Structure formats: C-alpha cells, structure tokens
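Step one of this worksheet: look at the structure below.
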Amino acid sequence: MTTHAPLVLNVNDHVANLYMVSKMLRNAGFRIAEARTGNAALVKALASDARPEVIVLDVHLPDLSGFEVCRRLKADPQTRDIKIIHTSAAFVTSNNKLQGVEAGADGYLTQPFEPQELIATVRSLARLHATESDLITRNEALVAADRRKDEFLAMLAHELRNPLAAIQTGLPLLERHPARDDVEARAREVMRRQTQLLIQLVDDLLDVSRVTRNRIELQLADVDLARLVGQVCDGFRGRVIEPRGQRLAVELPAQPVIVAGNAGRLEQVLTNLLDNASKYSDPGTRIDVALRTTGDRVELSVRDHGIGIDAATLASVFELFAQAETSLDRARGGLGIGLTLVKTLVELHGGSIVAASPGLGHGTTMTVQLPLRPGAVATRAVAPPSTAEMAACSVLVIDDNADGREMLRCLCELLGHQVVEAGDGEAGIAAALEARPDIAFVDIGLPTIDGYAVARRVRAALGPDAPRLVALSGYGSDQHRALALDAGFDTHIAKPIDVTQLRREIAAAKPS
C-alpha cells in the first residue's frame, strides 16, 4: 500500500454485511467511511474533504437502488472518477451484472465472496483511480502549459513585429535613390531578403500554434492556380533561387486552372515547398515545378535534386519540428514547422500532399493534389494604383513604438500624403477629432487606452465622418481580427505592413 491509504466508502443497509466488509478492508489497510442508504452515499461521495477513491456499493438499498446511485455518481463530473464495485446476494444473474456495467460500475461481486477477492478488487481499482488521477493532473498541467505557450507566442509575435515593422517600412526610404555602388546594392538586397525571412518565420511560428489548436479557418474563392503558381515562382526565382545559384524550371498549362481556395494560403504552401527545395539543394542544381490536371484533380509537384530523404525520415516529414537534417551547424536553417503547415493548409483545401524520395543524395518530390472547379472563373485582384495615380490623403498614425511610427510617417509622406501622429490612445483620439484624417492606422497595444477603445470612441464621435480605421497590430490571430472588426475597424493588418498594402488601404480611404 502507498503512504496514503485509499478511502473506501462502504454502502450497505444490512448491519452485519456492513460490519464484515468494513472489517475486511480495515484489516487490509484501507480507510473506511460508511453509509446505509443511497442518498447518504451520494452526500458522502461529494464531501470535498473526504471523497472516496472506491465505493463498495450494495445493489439493494432502502431508498435508491445501487444501480441508480452508480448512475448519478458517474454522471456528476465531481464524482465520475470514483471507482464503484457493486455487491449483491440477490441480484446475481448475468442481466443484473449487465445492469451494473451499464450504470457505470467498475466491478461486480456476488455475495458471499472471499475476503481476498474483495481486497484484491478494491486494491486494483484504487490503483486505477490513482493512475487516472495522476493522468488528469498531468493533463491539466499540460493544458495550462499549452495555454501559457500560446500566450507567450502571441506576445513574442507582438514584440518581434514592432521592430520588424520599423525595419520593413524603413527599407523603401533607403531605396529612394539608386545605390551608390554594388556593395550598397548588395547590402540592401540582403536586408530586404532577411527581413522577409524573419517575417515568414514569425508568421509560421504563430500559424503552427493555430494548427495545433485547429484554429485556422479559410475564406475560399475561385483562384486561378496556374496564374498564382507563375507569379509565386517568378518572385521566388529572383528573390531566392538566383541568389543561391540555382535554377527554377516551371511547367504550367496554357489555360486557367481554377480551384476553390484562399490565394494567400496557397501562396504560403508553394513558397514553403520552394523554400524547402532550395534550402536542401546545392548551388548549380535545378528545381522543377509542374502543374497538371488529371480528371477532377489538379496536381502540383515541386521536385529538387538535393540531399534527398531517407526512408526512416520520410515517414515523419510532415510532423511538427521534424527536419531532414539536424546538424549542429544549422546550415540549412528553419524551424521544422513549414511542412506541418503545408499539410494542414492543403487538407483544409480538400487536398492531399505526398513526399517521395529515392533516398539520400537523390532529391525529393512533393506532390500536392487539389480538387478542380471546372467552369469557374477566378476573380483577378485589382492592382493598387501607382503613386502618381493616388490622390493625396491626410493620414493619422497612432503607435507607441516611436521608430515604427516615424518610419510609417516618412513612408506615407514619401508617397505624397500629409501625416499626423500620436503615441498613445488618448492623444490619438484627440488627433482624430481635430485633424479629421481620411485614414488612421491604429496600433492595438497602446498605453492609456487600447486601439479597440480608440476605434469605438472615434466611431461614436464622428459617425459617418469617421476616417477609414486600419488596425495595424503585432497580434495577427483570427480572434484579434474579429475583435478589431467588432470594435469598428474597417480592416486588420498584422505588422509589418508592406508598401503594396499601404497604398491599397490609402486608395480605399480616398479613391483617386
């Protein structure tokens, strides 16, 4: 027995049987509580200071049957983990035992029984109760740790996105004039590429948290996958493939290939696959991308001629944090979460993904299949107007991060707009009411009052004359987007905002 002797509640209205069972169990080292009616048993089972681990419950009781007592205990979240043994001298048929099992009993002993049989059964159920209690405690600790992890990731993203926003917004300011030499041009390109990599890592880290909690939801529309793949490959070729000394061969059908999808998430899928293919390939090698239709499915394959994957690793490539190479030099980089995201996003689109490799040194092929939408026509995105086409706007920037606020102000001014800025919520409201801007970019995590309160108060004060309100936040979850829209924002953008998004939002506030 353990240092803590299990408490057994003995329930029987027959005085002699009650005494004998209690004596057997006390002699075996158990602590004993007693009850002579079903209602008394229910009261004692719910006692917070002395809740039993096991109940020896006679079926025949003067008020409630043992079956009914068992049903009530198992239906109550506070007592359903208590182990129950039915005992009876009269109800001994198979149907009676079946009744006990259906009521939730964990055991059934027919009287008379041997003391050893009773003691062994109670000990077994007490051990089971202790094990389950330990598992419940551990599970609660894991749930609490998981919640703290998600809270930490949200906070981490916010703290990382603020400096990233200042860096990304500042890069176009450096590019107002041509680079003075090749060294400066190279430095600008490295800064731009590494900033994009940091942004992608932050987004992937948060996305994987949503994946593990099934929090990713997609807004679907008809997408021309052929056009999307072409655009992504063109951008990736100049940004990643060519700087790494690699080649990218793309095979696309001439006609549109329409799928029901989320263009942003499909781009994320292809970008992750291309990045993996490039990362695990040497300079001078080729990456092949092919898009083909087969019946009612479309097949997208990304094939590299890189290090390949051995059979043991191939089975787990889509698992969280799995990587084909984990050497200390971290030459290939990455967090081991990209393919987990890819698999989840593909499946959310009703598709599937398969990884294949002949072995180490022979490259890898990732094949995605998605359902076609025959006859559908994809909506083409409208390109944002050029700077020359945009009408000058009055812009309000509310952000407590001074560097980020300054860089966004400078970029808006570079685009020809007039800017007012504020560093906290109260000052932001005052500026909105005085300057009456066309558009306001509002950080959510502000001092004095948060961005949600700013949006509500500006909407309440200005009504239909309120500016276009854009939540520009380090928090990028679906929950935060929903909160922003409920507070009165027109849209929510996770930091950092890029020039294209900035121009699009300003154009929506005051179309040319």
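Each value in this text was obtained by applying a stated rule to the coordinates, not by laboratory testing. As the structure is a prediction and not an experimental result, all values here were calculated from the model. Cβ placement follows ideal geometry from the backbone for every residue including glycine, while neighbour counts extend to all protein chains displayed.
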Projected onto the charge dipole of the chain (+1 at Lys/Arg Cβ, -1 at Asp/Glu Cβ, origin at the Cα centre), which of 18, 442, 488 gives the Cα projection farthest towards the positive end?
18
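Report the gain in length on full extension from residue 242 to residue 176: 0.36 nm times residue separation, minus Cα-Cα distance, nm rounded to one decimal. Numbers along the way, then the final one.
Numbers: separation 66, 0.36 × 66 = 23.76 nm, distance 2.45 nm.
Stretched fully, the residue 242-residue 176 segment lengthens by 21.3 nm.
Is the shape of region 419-512 rounded, prolate or oblate, going by the alpha carbon gyration tensor and its root eigenvalues a ≥ b ≥ c, with a/c under 1.5 for rounded and a/b larger than b/c for prolate? Walk me through the numbers on the way to the answer.
Details: a/c = 1.40, a/b = 1.05, b/c = 1.34.
Cα axes put region 419-512 in the rounded bin.
Expressed as cubic angstrom per residue, what is the convex hull volume of the alpha carbon set of the chain?
Enclosed volume per residue, from the Cα hull, is 252 Å³.
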Based only on Cα atoms, what mean projected area does the convex hull of region 88-185 have, in nm²?
13.4
For region 221-371, build the charge dipole from Cβ charges (+1 Lys, Arg; -1 Asp, Glu) around the Cα centre, then report which of 238, 355, 223 sits farthest towards its positive end.
238
Debye, to nearest 20: dipole size of the chain, +1 on Lys, Arg Cβ, -1 on Asp, Glu Cβ:
580
Where in the chain are the DSSP H helices whose alpha-carbon span along the long axis reaches 27 Å or more and whose Kyte-Doolittle mean is at least -0.5?
115-174, 182-212
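Just how large is the dipole of region 221-371 about the Cα centre, in debye to the nearest 20, putting +1 at every Lys and Arg Cβ and -1 at every Asp and Glu Cβ? Before the final figure, lay out the partial values.
Values: 14 positive and 17 negative charges, 44 e Å.
Dipole magnitude for region 221-371 comes out near 220 debye.
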Residues of region 444-458 with backbone N under 12 Å of the label point set 7 Å from the Cα of residue 433 along Cα→Cβ are 457-458
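Based on alpha-carbon positions alone, could you give the equivalent ellipsoid semi-axes of region 221-371 from the gyration tensor, as √(5λ), descending, whole Å?
Details: eigenvalues 118, 62, 38 Å².
Those come to 24, 18, 14 Å.
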Which three lengths, in whole Å and largest first, does region 7-113 cover when its Cα atoms are put on their principal axes?
36, 31, 23
Footprinting exposure proxy for 452, 19, 475 (fewest neighbouring C-beta atoms within 10 Å first):
19, 452, 475
Sequence of 470, 15, 101 once ranked by neighbouring C-beta atoms within 10 Å, starting from the fewest
15, 101, 470
What is the distance in Å between the Cα centres of region 106-165 and region 276-312?
43
Can you tell me the dipole magnitude for region 7-113 around its Cα centre, using point charges on the Cβ only (Lys, Arg +1; Asp, Glu -1), in Debye to the nearest 20?
180
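Under the definition of Cα pairs under 8 Å and six or more residues apart, what whole-number percent is the relative contact order of the chain?
Working: 842 pairs, mean separation 54.2, N = 512.
Relative contact order, the chain: 11 percent.
Can you sort 113, 318, 489 by how many other beta carbons sit within 10 Å, fewest first?
Ascending number of Cβ neighbours within 10 Å: 113, 318, 489.
Quick one: net charge around residue 169, please, counting Lys, Arg +1 and Asp, Glu -1 for every other residue with C-beta under 14 Å from its C-beta.
-2
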